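The values are calculated or read from the model by the stated rules, or taken from the named source; none is laboratory data. These figures come from a predicted structure and were not determined experimentally. Cβ: placed from backbone, ideal geometry, glycine included. Neighbour counts: every protein chain shown. Just so you know, the surface numbers come from the protein's heavy atoms only, side chains and all, with ligands and any DNA or RNA stripped out. Shrake-Rupley method; radii C 1.70, N 1.55, O 1.52, S 1.80 Å.
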Amino acid sequence: MAAIHNPFIVGGYISPHYFCDREKETEQLIRNITNGRNVVIISTRRMGKTGLIRHCFYQNEIKEHYHTFFIDIYATSSLREFVFALGKEIFEKLKPKGMKFIERFFSVISSLRAGFKLDSITGEPTFDIGLGDIHAAEATLDEIFAYLEQADKPCIVAIDELQQIGNYAEKNVEAILRTKVQHCRNTHFIFAGSQKHIMMNMFNSPARPFYQSVNMMQLQSIPLIAYKPFVERLFLENEKSIEPELIKQVYDFFEGHTWYVQLMFNELYILTGKGQLCDRSLHDTALTNILQMQDFTYQEIFSRLPEKQKEVLIAIGKERKATGVASGKFIKKYRLSTPSSVQAALKGLQEKNLVSQEQNQYEISDKLLGVWLQKNY
């Protein structure tokens, strides 16, 4: 394996060595899949759903006996884009296996054959297809499912940010997908999502197509007791050390939220030279550096919001976890206008995924954005 310059990985999955804990969740996910059950994983964004799925795909009992495919549909807005993402992922996974596998792929998924080309310089197979080349998305999806069902090994398809299908131009995608999934014998599915209320409705409401069709998993924070030795080990392996109190300080500051904790340790690792101790004096420097990197993005996001949404977002940021947001007390405290305008602003912020709700409690979805707002407003 190539040398890793910074062992605190913040994008993608490398190997179990750089992956913290999740032992019970890994075991549960593998047990469900290998026993023919489809699974839903629900957690807030950046809690580690993708990492967990990739980690499971890396394990020998999965890697050696299954074909695995992963798509993130967060940025898709139609069935056609969904089909494109799934078709491209399967093709890319087959490419290293050689022409025999690719020919079989296009013999079944004939509607995508027009996109198959050989690179004129390298001779490598390429999948040169645009969205406009998918003329009948549902028919192509049928072909993709037919291919998966005929594969020489069982298949696992992971679909991240599944709640996005509710925003598609076509309003029947949930029913289309459920119909195709329930007829699969050779293919198992992992559905992951970050909008809890939408995902729970999708799988727990008797009126919805996916009702009671899956095993549910909710992903919580990795416990500090597991995170602390993980961080210490990665520092020590690279001839650095870290103050135990700093690990707890970072963990508590971001409430154990995986990606943000990992990002802070990534920056703290950069700030610590070989043979040096990373101590609590570096916490604020690391946080400032990270916020400076995000400053332009957050300014851009904030500048595009209507004034009422800005006011409510700042108020929630100050509270961190806000309750009774439309109450007279909260409105008076933050000099907001009327309860109805606050409710309208909340709805807009939730639609933009800037604010998340758990029961009657609201918080800013991106924890760094919350910190940025506290420091700037």
| query | Separation of the stretch 312-345 and the stretch 40-113 by C-alpha centroid, Å? | reply | 42
| task | Enumerate the calculated ³J(HN,Hα) couplings along the stretch 36-42 in order (Karplus 6.51 cos²θ - 1.76 cosθ + 1.60, θ = phi - 60°), each rounded to whole Hz, writing x wherever the residue is Gly or Pro. | result | x, 9, 7, 10, 10, 10, 10
| query | How much accessible area per residue does the stretch 239-377 have, in Å², with a 1.4 Å probe? | reply | 52
| query | Which angle between 0 and 90 degrees, to the nearest 10, do you get for helix 49-58 versus the longest principal axis of the chain when only C-alpha atoms count? | reply | 40
| Charge sum, other residues only, whose C-beta stays under 12 Å from Thr285's C-beta, Lys/Arg counted +1 and Asp/Glu -1 | -2
| task | Could you state the angle between the C-alpha long axis of helix 244-253 and the longest principal axis of the C-alpha atoms of the chain, as a value from 0 to 90 degrees rounded to the nearest 10? | result | 80
| remark: Calc'd 3J(HN,Hα), the stretch 270-275, phi into Karplus 6.51 cos²θ - 1.76 cosθ + 1.60 (θ = phi - 60°), Hz, glycine/Pro = x, comes to 4, 6, 10, x, 4, x
| query | Quick one: Cα centre-to-centre distance for the stretch 255-300 and the stretch 151-197, in angstrom? | reply | 36
| request: For Thr297 paired with Gln249, estimate the spin-label separation in nm (one decimal), with each label point 7 Å from Cα along the Cα-to-Cβ line. | output: 2.5
| Amide H within-cut-off set for His67, under 5 Å, with H built and near neighbours excluded | Cys155, Ile156
| query | With charges only on Cβ, +1 for K and R and -1 for D and E, what is the dipole size of the chain about its Cα centre, in debye, rounded to 20? | reply | 900
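Can you check what the net charge comes to around His17, using other residues whose Cβ is under 12 Å from the Cβ of His17 (Lys, Arg +1; Asp, Glu -1)?
Working: positive: Arg233; negative: Glu237.
Neighbourhood net charge equals 0.
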| field | Cα-based reach from Lys240 at 14 Å (exclusive), listing aspartates and glutamates while leaving out same-chain residues under 8 positions away | value | Glu232, Glu267, Asp279
| Carbon + sulfur, % of accessible area of the chain - ligands and nucleic acids excluded, 1.4 Å | 51
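Find the accessible area per residue for the stretch 27-164; the probe is 1.4 Å, ligands and nucleic acids are left out, and the unit is Å². Present the calculation step by step, with values, prior to reporting the outcome.
Numbers: 6120 Å² over 138 residues.
With the other protein chains kept in place, the stretch 27-164 gives 44 Å² per residue.
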| message | Residue by residue through the stretch 10-21, what is 3J(HN,Hα) from phi via Karplus (6.51 cos²θ - 1.76 cosθ + 1.60, θ = phi - 60°)? Round to whole Hz and write x for glycine and proline. | response | 10, x, x, 10, 9, 6, x, 4, 9, 10, 9, 6
| task | Provide the gained length on full extension for the span Lys228 to Glu64, in nm with one decimal, where the gain is 0.36 nm per separating residue minus the Cα-Cα distance. | result | 55.8 nm
| request: List every residue whose amide H lies under 5 Å from the amide H of Val355, counting only residues 5 or more places away in sequence or on a different chain, with H placed 1.01 Å from N in the peptide plane. | output: Gln350, Ser365
| task | Rounded to the nearest 10 degrees, what's the angle between the helix 137-150 long axis and the longest principal axis of the chain, both from Cα atoms, 0 to 90? | result | 70
| field | Of [x] 1.01; [y] 1.10; [z] 0.97, the label for Cα Rg over 2.2 N^0.38 Å derived from the coordinates | value | [y]
| remark: Distance in nm between Glu307 and Val10 label points, each 7 Å along Cα→Cβ, equals 3.6
| said: Let me check I've understood the local charge: for Gln309, count other residues with C-beta under 11 angstrom from its C-beta, Lys and Arg +1, Asp and Glu -1. What total comes out? | reply: +2
| query | Which far-off residues, 5 or more places away or on another chain, put their amide H under 5 Å from the one on Val40, with H placed in the peptide plane? | reply | Phe191, Asn215, Met216, Met217
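Can you give the helix-only mean residue ellipticity at 222 nm for the chain, where every DSSP H stretch with n ≥ 4 adds -39500 (n - 2.57) and the sum goes over all residues, rounded to the nearest 500 deg cm²/dmol? Before the final figure, lay out the partial values.
Numbers: 16 runs with 186 residues, N = 377.
Per the formula, -15000 deg cm²/dmol.
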| field | Rough spin-label spacing in nm, given labels placed 7 Å along Cα→Cβ, for Leu236 and Lys329 | value | 4.8
